[in-house]
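What follows draws every value from the coordinates through simple rules; no lab data is involved. Everything numeric here is computed off the predicted structure, so don't read it as measured data. A quick note on method: Cβ atoms are made from the backbone with ideal geometry, for glycine too, and the neighbour counts reach across all protein chains shown.
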Amino acid sequence: MALTSTIYNVTVDLSDIDRGVYESLDLRMAMHPSESPEYLVTRLLAYCLEYTEGIEFTSGLSNGVEPAIVVRDLTGRVVSWIEVGMPDAERLHRASKLAARVAVYTHRDLRNVLGQLQGRKIHRAAEIPIYSFGRGFIDELATKLQRRIRMSLSVTEHHLYLDVDGHGITTVMEEQRVPES
């Protein structure tokens, strides 16, 4: 018998001072059986940090062709391609030809992510930001994960202040660029 996805209902009060985004988000997220809790919370953070009109979660892991998150304009054209984890160079190369903006949010060791991309052909590589979070932040957030969860996320100058059901967690989000070949 095939395993099914687990549904998470997440309410996020988002205050992204860096971008001037203030929203209350009610999200339903499906966690694929092969997806780790760390990947799921990184995907959630990426969605919040990229939040704009036209953003949506995709079938991602279960599809293999789509990114974890996509932003489309009113015509359906992809304007942002958001990867989570450790995408390969070919995937980023194809994405940067398709979308005006490509970004990666990772819960993996940043040295490994950058190392696997070093010297590989990636279209517009210097324009692709790779975001990572302080040591232990993603792991701690993953331990707070419940099927119904309420959180508040404030972002200022790349500092993330997160309150998960009364428990505060903070980190600094770091930005690196894909190494040029």
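In whole Å, what is the distance between the alpha-carbon centres of segment 10-33 and segment 130-155?
Segment 10-33 and segment 130-155 have Cα centres spaced 12 Å from each other.
Beyond 20 Å, what share of the Cα-Cα pairs of segment 6-177 is found? Please give it as a whole percent.
51
To check you understand DSSP bridge types, tell me what percent of the beta bridges within segment 61-149 (both residues inside) are antiparallel, rounded to 5.
Antiparallel bridges make up about 35 percent of those DSSP assigns within segment 61-149.
Taking 0.36 nm per intervening residue step and subtracting the Cα-Cα distance, what contour gain separates residue 143 from residue 17 on full extension?
Answer, rounded to one decimal: 42.7 nm.
Which percent of the Cα-Cα distances in segment 35-125 go past 20 Å?
32
Given only helices, namely DSSP H runs of n ≥ 4 each adding -39500 (n - 2.57), what is the per-residue ellipticity at 222 nm of the chain, to the nearest 500 deg cm²/dmol?
-6500 deg cm²/dmol
For a bin width of 5 Å, list the pair-distance distribution of segment 102-158 built from all Cα-Cα distances, rounded to whole %.
Going out from 0 Å in 5 Å bins, segment 102-158 shows 4, 13, 20, 21, 16, 12, 8, 5, 1 percent.
Place +1 on the Cβ of every Lys and Arg and -1 on the Cβ of every Asp and Glu in the chain, take the dipole about the Cα centre, and give the residue among 136, 40, 162 whose Cα lies farthest towards its positive end.
40
Report the gain in length on full extension from residue 98 to residue 36: 0.36 nm times residue separation, minus Cα-Cα distance, nm rounded to one decimal.
Value of the extension gain: 19.5 nm.
If N is the number of residues in segment 126-181, what value comes out of its Cα radius of gyration divided by 2.2 N^0.38 Å?
Normalised Rg, Cα atoms only: 1.35.
Give me the number: length gained by fully extending residue 157 to residue 4, i.e. 0.36 nm times residue separation minus the C-alpha to C-alpha distance, one decimal in nm.
Difference between extended and current length: 51.2 nm.
Rounded to the nearest 20 Debye, what is the dipole magnitude of segment 107-149 about its Cα centre when Lys and Arg each give +1 and Asp and Glu each give -1 at the C-beta?
Once rounded to the nearest 20, the dipole reads 160 debye.
Dipole size in debye (nearest 20) for segment 6-177 around its Cα centre, Lys and Arg Cβ +1, Asp and Glu Cβ -1?
For segment 6-177, the charge dipole is close to 620 debye.
Counting only DSSP beta bridges with both residues in segment 6-177, tell me the antiparallel percent, nearest 5.
For segment 6-177, the DSSP antiparallel bridge percentage is about 70.
Loop only by DSSP, 12 or fewer other Cβ within 10 Å of the Cβ. Give me the trypsin sites (Lys or Arg not before Pro) in segment 1-59 that pass, ordered by residue number.
When the trypsin sites (Lys or Arg not before Pro) of segment 1-59 are filtered for loop state and at most 12 Cβ neighbours within 10 Å, 19 remain.
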